Amino acid sequence: MRATGIGWAATATLASALVVGGLAAPPARAAITSSKVTTPANPSFFIADQDAKTQTFAIAGTTTGQNGIDDTVDVNCYSGGTFVTVARNVPLSPTGAFSIPKANLNEPLDLTCRLRAVPAGANPSNLTPFAGPAIGVGERGSEPVAGGPNAGKVVGYYVDAQQKTAAFDYNALGGCGLTDGYLYDSTFAQTTTTFSCDAALFSSNSATAPTRSELQIDGANAYDPFSAGQIDPNAIGLPSLTDTYTVDEATGNVAIHETDPLVECRETTYPPNVISCSSFASAGVTDDRTITQSSDGHVSSIEDSFKSTDGNAHSLDLLWDDSQHFWQGSGDSTQLEYEFPGQTGFSTHVAGDSVSLPTSNGGAIFVRMHSAADGDTGTGQGAIVYNRPASVATFTLVQSFQSEFTLHQTGTVPAAGSTTFRSAYVQDFKAADVASLAKAAAAAFLDTINITKSGKGKGRVTSSPSGIACGKACSHGYVDGTTVTLKAKPARGSRFAGWSGACKGRHDCRVTPDGNVTVKARFVLR
C-alpha cells in the first residue's frame, strides 16, 4: 500500500512540473468541419503554357472548425470519384483562412475538376461541406526540331482546351489537326472520346499505299511545316509555323491562330524521303488557320484561309482527313454509322467505300455508334459541318480503334486575297442537341454583308439574291462564294452619292464576300 501511494504522488508531481514548464500535452485538435475555396472564381479556365517559365495560379479560401494554430489543409481537385492533390499541408491563419499565391497548374493538368480544401491527409466520404469552384486546366507547348541544322525551328504545337462538360485538344495542320474530342458527365468524368485526328492534311492519303499528299497546290504535292519536318527535319528550306492562343477564363472559350507556310519538295518523287526531298521550296501559298472552341467545349470551328504569297493565283486540291472514335475504355469503331448530306438514314462503312456528295454549298455529316441509345454517355454523337462544296468522302481505314475518311474539296487562291474553307466539329450525347449545334455552326459560316447609310439624303439598298432591303434589313448572310449585286435607289429629293467600303463608285455594286464585309451607301440631298 505504501509503495502504491509513493508512485501516485510522484506521478502527480511530474504532471505538475510539465504544466508549469509549459510542456503540457496540447488540447485535442478541433476538426475542420467545412471549407470554401473562394479564389479562383467559379468556374475558371486556364492554359498551362509549357513554354513559359512558370505555370501557376492563385488559390485562397476559408475554413471553419479549426483551432487556428496548427491545422492544415490539402487542396484537391475532384473529378469522377477521384482527385489529384494541388497543394499539401497548407497552413491556416488564426481565422482559418488559407492562401496559395502560386499553385502549380501542372498538378490538375488536362482536367476539368472541382477544387476543395479538406483536412490534411483526409479523404472525406462526404465532400458537401467542402465547397469550391470548378476549374479546367488545359495545356500548350511548342514542338521544335530537336537537333541538326534546323534545331529549335518550330514545326508543330499542341493545345488542350478544357471546358465544363466537354473538351478538345489540337495539333498542327499536318500533325493531327483536331486531335481529340472529349465529353464529360456531371462529375467531370470523361465518358467518351469522340473525334480522333480531324481537319488534318497529312503528307500521305493512305497509311498502307499512299499515292499523294492530302494537300496539293497547282497539281503538286505540298506540305505544311509539321509534315515537312516528318519528311526530313534537316532539309534545306524547312519552314516553321507560328501559333498564338487566347482563353476566356470565365467561359473556357479558346481561340488559336496558326500560320503555316506551305512548301513543295524540289524533287517530285513520291512518297518523299530524306534522299528525294532534302530541300524544300515555297509553294507560293500560306494557310492561316483559326480555331475557335465554344459552347462549353461542344463545338470546335476551324477556318483555313489560303493566301497567295507570290502574287500568282493557285489551285488547291484538298483531302481533309477525318477520323472518329466514339467510345471510351472498350468499343468498336467499325460499328460507327454515318449520315452524309443527301442521305436519309445512317449506315456503316468499310475501307474503300466512297460516298458521292451533293454539289450544293456545304453540308453536315452526322455520326453515331450503331445500336447505341440516344443520349448514351459511353459513346456520344457528333457532326462534321463544312461550308464549301465537297465531291466525295472516301473511307481509308475502318478498324476497331477508329473510322477514317477523307473529304475531297477544291478551290482557287486568287493572286490578291485569299480563299477560305470552314468546318465545325460538334459533339454531344443526344441527337437533338447535336443537330441544333450543327445548325448554329452552319449559320455562323455565312458571310455577312453589312450595309450602312450616310448623308442627309434618303434612299434604299436592295440585293440580288434577296436578303438585303435597307431600310428594314441592312445585313444578311450568304453562302461562301456567292456573288451579290447591290442596288441603290435614292428617295424623292435625294440622290445616290456613291459606295465606299467593299464597293466603290456609283454603279451597281457586285461583291463576293470571303468573310464578313461592310458596304457603305451615301445619299445626299439634291
Exercise for the section: Output the residue which, of all residues in the range 79-97 that are assigned to a loop (DSSP other than H, G, I, E, B) and within 34 Å of the chain's Cα centre (by Cα), is modelled with the lowest pLDDT. Expected result: G81
Practice task
Return a yes/no flag: does the range 369-377 have any residue that is modelled with pLDDT of 95 or more and either farther than 23 Å from A167 by Cα or of a type in the set (K, R) (or both).
Solution key: yes
Practice task
Would you mind stating whether A122 is part of a loop (DSSP other than H, G, I, E, B), of a type in the set (A, V, I, L, M) and free of Cβ contacts under 8 Å to residues at least 12 places away in the same chain?
Solution key: no
Handout entry: Search result, residues across the range 481-526 that are surrounded by 15 or more Cβ atoms within 10 Å (Cβ to Cβ), among the hydroxyl-bearing types (S, T, Y) and part of a loop (DSSP other than H, G, I, E, B)
Key = T482
Exercise for the section: Within the range 300-336, track down each residue that is open to solvent by 10 Å² or more (accessible area, probe 1.4 Å), over 25 Å from D353 (Cβ atoms) and in contact with a strand residue (DSSP E or B) (Cβ under 7 Å, 6 or more places away or on another chain). Expected result: S301, E303, S305, K307, S308, T309, D310, N312, A313, H314, S315, Q328
Fill in the blank from the handout: When the range 428-469 is checked residue by residue, the ones that are charged (D, E, K, R), under 16 Å from V517 (Cβ atoms) and open to solvent by less than 60 Å² (accessible area, probe 1.4 Å) are D447
Problem - Selected residue [part of a strand (DSSP E or B) and either farther than 23 Å from S206 by Cβ or of a type in the set (D, E) (or both)] from S315, S282 - result: S282
Problem - Evaluation of I100 against (1) more than 19 Å from the chain's Cα centre (by Cα); (2) at pLDDT 95 or above; (3) part of a loop (DSSP other than H, G, I, E, B); (4) over 17 Å from P43 (Cβ atoms) (one fails), failing number - result: (3)
Problem - Sole exception among (1) among the β-branched types (V, I, T); (2) under 18 Å from the mean Cα position of the chain (by Cα); (3) open to solvent by 30 Å² or more (accessible area, probe 1.4 Å) for T268, by number - result: (2)
Exercise for the section: Report, by residue number, each residue of the range 470-480 that is open to solvent by 30 Å² or more (accessible area, probe 1.4 Å) and either part of a strand (DSSP E or B) or modelled with pLDDT of 95 or more (or both). Expected result: A473, S475, H476
Fill in the blank from the handout: Expected single match for on the phi > 0 side of the Ramachandran plot and touching a Phe, Trp or Tyr at 6+ places or on another chain (Cβ under 8 Å) among G505, G498 is G505
Practice task
Within the range 142-156, identify whether any single residue is touching a helix residue (DSSP H, G or I) at 6+ places or on another chain (Cβ under 7 Å), part of a strand (DSSP E or B) and within 16 Å of L238 (Cα to Cα), and answer yes or no.
Solution key: yes
Exercise for the section: Could you pull out the residue among S423, S403, S371 that is among the polar types (S, T, N, Q) and open to solvent by 50 Å² or more (accessible area, probe 1.4 Å)? Expected result: S371
Handout entry: Residue count for the range 178-220, restricted to those that are among the polar types (S, T, N, Q), outside any loop (DSSP other than H, G, I, E, B) and open to solvent by 20 Å² or more (accessible area, probe 1.4 Å)
Key = 4
Exercise for the section: Mind counting the residues in the range 40-78 that are of a type in the set (G, A, S), at pLDDT 95 or above and open to solvent by 20 Å² or more (accessible area, probe 1.4 Å)? Expected result: 4
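The values are calculated or read from the model by the stated rules, or taken from the named source; none is laboratory data. Keep in mind that what you see is a predicted model, and the values were worked out from it rather than measured. Counting neighbours? That spans all protein chains shown, and the Cβs are built from the backbone with ideal geometry, glycine included. Remember, those area values only see protein heavy atoms, side chains included, never the ligands or the DNA or RNA. Shrake-Rupley method; radii C 1.70, N 1.55, O 1.52, S 1.80 Å.
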